[in-house]
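Shown next, in structure tokens, is the structure this report addresses.
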Amino acid sequence: MNLAYRDIKHNLLRFVLTNFGLSLLLGIVIMITGVYGGLIDDALKQARAARADLWVVEAGTNGPFAESSRIPGDTRELVSRVYGIERAGAVTYQSVQTELNGKPLRVFLIGYEPGRPGGPRRLAAGREILRSHYEMVVDRSAGLALGQEVPLGTHGHKFTVVGLMREEVTSSGDPVAYITLRDAQQLQFEYAPSASRREQARGGAGATNDQINAVIAKVSPHVQVNEVAAALSRWKHLTALTQEQQETLLSKFVIERARKQQGLIMVLLVIVSAVIIALIIYTLTMDKVRSIATLKFVGAPDRTIIGLIVQQALSMGVFGYLTGLVLVLVFKPYFPRRLVLDPESVMIVFGITVGICLAASTLGIRLALKVDPAEALASSG
Amino acid sequence: MAEPGSQAVVRVEHLSKHFGQGTARVDALVDINMEVFPGQVVGLMGPSGSGKTTLLHCIACILEPSGGRITLDGDLVYDDHWLKADLRRLRLDKIGFIFQYPNLLPFLDGSDNVAVVLHLAGYGAAAARDRAVELLNYLEVGHRKHAMPRQLSGGEAQRVAIARALANKPRIILADEPTAPLDSSRARIVMDLLRRIAVEQQAAIIVVTHDEMILDRFDHIYRLRDGRLES
């Protein structure tokens, strides 16, 4: 005879309502976990999208994501000639904001050379960029449709959306868009400060917009990536970072502060959940003091009483967690930023929930074990 | 009724219980001696504060006496200190308790309120349910076996509580004012039932009561005053 189940069945409405409240709380914990996962995943995805073995950037910088990096456009030619490099592609990165139908549209623009490394990884719809100018592949989260035209730059050139990607956003949640390197460089020039543009127009020193942020290189499988990186870093104006180093930079440094903030919110939520669950269990136990006294009086051992409380605490935690998870999954598409709930983190949160329930039930257990069987004799209706 | 030469199921010798120390000391029980034999129904009477409930709690092993001896069903359980480590198991095995109010578990139906004791005693689910239904039928409330406590009348609930007290076939049944919430005719029915149980199951029954109307239902009456036995 499962006393916990019988008690829940007897007070089903109370159990359901308590669980619903708890599921909202646990849903927020799960959601923050998803935001946390999304933050890291988006950051890494940005680097992984390029499918690079090596990132060649400006010397002494951790570019192009952690720090700004500007190198001459012909660096790609130099890199391509290094022993062990199979393919290389120049890329630029910039955040731009434009206006579309009276609403601001913010995208993270990547300029790349079609047919070379650095382009979009996978398309969900449409095609890749085929023309040299004014075509764009963009993430669905930008809310753009195939064939739609987007004005970019101060000259108002309209870029036609020819391809759509899925889940390609930056760590700050901005959708990623790809255009050709030449267009990107032109936009960088257009968006540059007017003094700088004037200097370039006059043909002043360094007057060229053939600047890129990085060269993405694929290394032959027969050559050690670190050896090629060392060879490239011998050039005084370049630094070569491996893909692993780039991912470490992104996950540990670029999003470090945001990661810590999310982590802090998560820890606070877990503490609040623990306190609330403990209070709920304590209150439920208080309601059962007379029943517990009666059970003790008729000979129930402590393990039966503990079992009753722990089982109820666990059922509350498990049902609350599952309902919270379902709520998060149902409303996930409506969240303003991408949630990534990998099975591992989902299980970790579940484990934490179970741990909280077990820890929280100790308050109720303490109360129950203190109940004097003689309380069953107290006269009341 | 007690049979000549039979062993007392409940034997209390020189039992004392006091609360507090020094000037605050209150002697709740002083040198209590009593015996209850199989098949006997004895009454424990006295004014409020005379020590009836304290004595019942000591015999039920939920209150530790200050001195004396208690022997239950041939087992010496108290001799200036508890001799048994697991008093709850002792209660489960030897004592059935009928409360003043039924004290049924509100989340179990009639039969499960009886079966729960049997589960605790180690009965299997089917055996526990069969025995519970058998007892409820015996107490003529079998038709209410699926009713929840709040759906039972006072008399029905008290019968279910009696069935629970009898579930594990205890040799000792302690009843704390079982007729208090009942009218006189129902009180007599309950007392007749207890008599029947005492005889049929050879149990020793101790009933704490204030009710003078049921005096004729007892084989023997112990009267307490200021913690001392009068008879």
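The values are calculated or read from the model by the stated rules, or taken from the named source; none is laboratory data. Note that the structure is a prediction, hence the values are computed from the model and not measured. When we count neighbours, we look across all protein chains shown, and the Cβ atoms used for this are built from the backbone with ideal geometry, even at glycine.
Between A:I276, A:I306, A:I265, the distinction of being within 14 Å of chain B (Cβ to nearest Cβ) and either assigned to a strand (DSSP E or B) or among the hydrophobic types (A, V, I, L, M, F, W, C) (or both) belongs to A:I306 only.
Look at A:V223 and say whether it is in a helix (DSSP H, G or I), in contact (Cβ under 8 Å) with a residue 60 or more places away in the chain and surrounded by 12 or more Cβ atoms within 10 Å (Cβ to Cβ). In short, no. Taking into account only those residues within the range A:33-90 that are of a type in the set (D, E) and not in a loop (DSSP other than H, G, I, E, B), which is farthest from A:G115 (Cα to Cα)? Within the range A:33-90, the match that is farthest from A:G115 (Cα to Cα) is A:D41.
If you go through the range B:47-61 and keep only what is aliphatic (A, V, I, L, M) and surrounded by fewer than 22 Cβ atoms within 10 Å (Cβ to Cβ), you end up with just B:L56.
The set of residues in the range A:1-54 being within 14 Å of another protein chain (Cβ to nearest Cβ) and either over 30 Å from B:D109 (Cβ atoms) or in contact (Cβ under 8 Å) with a residue 24 or more places away in the chain (or both) consists of A:N2, A:L3, A:A4, A:Y5, A:D7, A:I8, A:F15.
Residue-by-condition table, conditions (1) without any contact (Cβ under 8 Å) to a residue 40 or more places away in the chain; (2) closer than 26 Å to A:V340 by Cα; (3) not assigned by TED's automatic domain parsing to the domain that holds A:P336:
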residue: A:V56; (1), (2), (3): no, no, yes
residue: A:G60; (1), (2), (3): no, no, yes
residue: A:S68; (1), (2), (3): no, no, yes
residue: A:G73; (1), (2), (3): no, no, yes
residue: A:T92; (1), (2), (3): no, no, yes
residue: A:Y112; (1), (2), (3): no, no, yes
residue: A:G119; (1), (2), (3): no, yes, yes
residue: A:R127; (1), (2), (3): yes, no, yes
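Against the conditions (1) within 7 Å of chain A (Cβ to nearest Cβ); (2) surrounded by fewer than 19 Cβ atoms within 10 Å (Cβ to Cβ); (3) touching a residue at least 60 places away in the same chain (Cβ under 8 Å), B:D93 satisfies every one except (1).
For the condition in contact with a strand residue (DSSP E or B) (Cβ under 8 Å, 6 or more places away or on another chain), free of Cβ contacts under 8 Å to residues at least 40 places away in the same chain and aromatic (F, W, Y), B:F19 qualifies.
Assess whether B:L44 counts as being surrounded by 17 or more Cβ atoms within 10 Å (Cβ to Cβ) and among the hydrophobic types (A, V, I, L, M, F, W, C). So B:L44 fits the description; yes. Pairing each residue of the range B:96-114 that is more than 10 Å from every other protein chain (Cβ to nearest Cβ) and touching a residue at least 40 places away in the same chain (Cβ under 8 Å) with any residue that is buried (at least 24 other Cβ atoms within 10 Å of the Cβ) and in a loop (DSSP other than H, G, I, E, B), provided the two are 6+ apart or on different chains, yields C-beta distances under 6 Å for B:I98/B:P178; B:V114/B:A167. If the condition is being over 32 Å from the mean Cα position of the chain (by Cα) and surrounded by fewer than 16 Cβ atoms within 10 Å (Cβ to Cβ), then the range A:264-287 contributes A:L279, A:T283, A:M286, A:D287.
Exactly one residue among A:L327, A:L295 is within 14 Å of chain B (Cβ to nearest Cβ) and part of a helix (DSSP H, G or I), and that residue is A:L295. The set of residues in the range A:165-208 being assigned to a loop (DSSP other than H, G, I, E, B) and either in contact with a His (Cβ under 7 Å, 6 or more places away or on another chain) or at pLDDT below 70 (or both) consists of A:A192, A:P193, A:R202, A:G203, A:G204, A:A205, A:G206, A:A207, A:T208.
Among the residues of the range A:349-381 satisfying the criterion of being within 21 Å of A:S23 (Cβ to Cβ) and without any contact (Cβ under 8 Å) to a residue 24 or more places away in the chain, which is nearest to the other protein chains (Cβ to nearest Cβ)? Applying the filter and picking the extreme gives A:G355.
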